[in-house]
Amino acid sequence: MRTLLNVLDTGRLMFPSGNVEVIRNTALRQHFDPEFLNRIDQILTFNRLTDNWLETLLDIELAGLNRRLSKKQANLSLSLKLRDELCRGYDVRYGARETLRAFRQRLETAIARALLAYSHCYRFEASMKCREVSAHQYVE
């Protein structure tokens, strides 16, 4: 299954010998039954992300979180160190998924705790302390 997903993601098949074969739609049609291929709507080829895109994706996720927080009249900003840490989690094998997963798992938990601890505050900042993400009330 993992090999099939890799072929569908990258369009390449790597053999244990190290040889790489580029797989095109015609090759897929030769090796798989039409019943299987009919379940695939489309095959998209993704290029690897560069560092500047990671910052942009982080900004998009933060904007989405701030939209949700605005329902409680709250706002969140990230320290530079935390931004760097979240972007450093990027792994080319998994694309942006791992970065976004870390954002959700580490950051959303911290802001939820901060909202409960500081229910009277509306501006928060998340930062890194001893490899842990923490959110606290924002002080200018």
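The values are calculated or read from the model by the stated rules, or taken from the named source; none is laboratory data. The structure presented is a predicted model; accordingly, all values stated were derived computationally and were not measured. No Cβ is skipped: glycine too gets one built from the backbone with ideal geometry, and neighbour counts run over all protein chains shown. Note: areas computed on protein heavy atoms with side chains; ligands, DNA, RNA excluded. Shrake-Rupley method; radii C 1.70, N 1.55, O 1.52, S 1.80 Å.
A compact table of results
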read-out	value
Expected 222 nm ellipticity per residue - DSSP helices of 4 or more, -39500 (n - 2.57), all of the chain, to 500	-13000 deg cm²/dmol
Accessible carbon and sulfur surface of the chain relative to its total accessible area, %, 1.4 Å	51 percent
With Cα atoms, 0 to 90° folded angle of helix 51-69 axis to the chain main axis	50 degrees
Potential extension, M14-L116 segment - 0.36 nm per residue separation minus Cα distance	31.8 nm
Counting DSSP beta bridges with both ends in the chain, the antiparallel % (nearest 5)	70 percent
Order of exposure, largest accessible area first, which applies to R97, R104 with probe 1.4 Å	R97, R104
Rg to Rh, two decimals, where the chain supplies the alpha carbon set and Rh follows Kirkwood	1.15
Per-pair calculated FRET efficiency, R0 = 41 Å: Q30 and T56 via Cβ, rounded to 0.05	0.55
Peptides 36-42, 116-122 ordered by average Cβ neighbours within 10 Å, highest first	116-122, 36-42
Burial ranking of peptide ranges 59-71, 123-135 (average Cβ count within 10 Å, highest at the top)	123-135, 59-71
Those lysines that a straight Cα-Cα span of less than 19 Å connects to K129, excepting residues fewer than 8 apart in one chain	K81
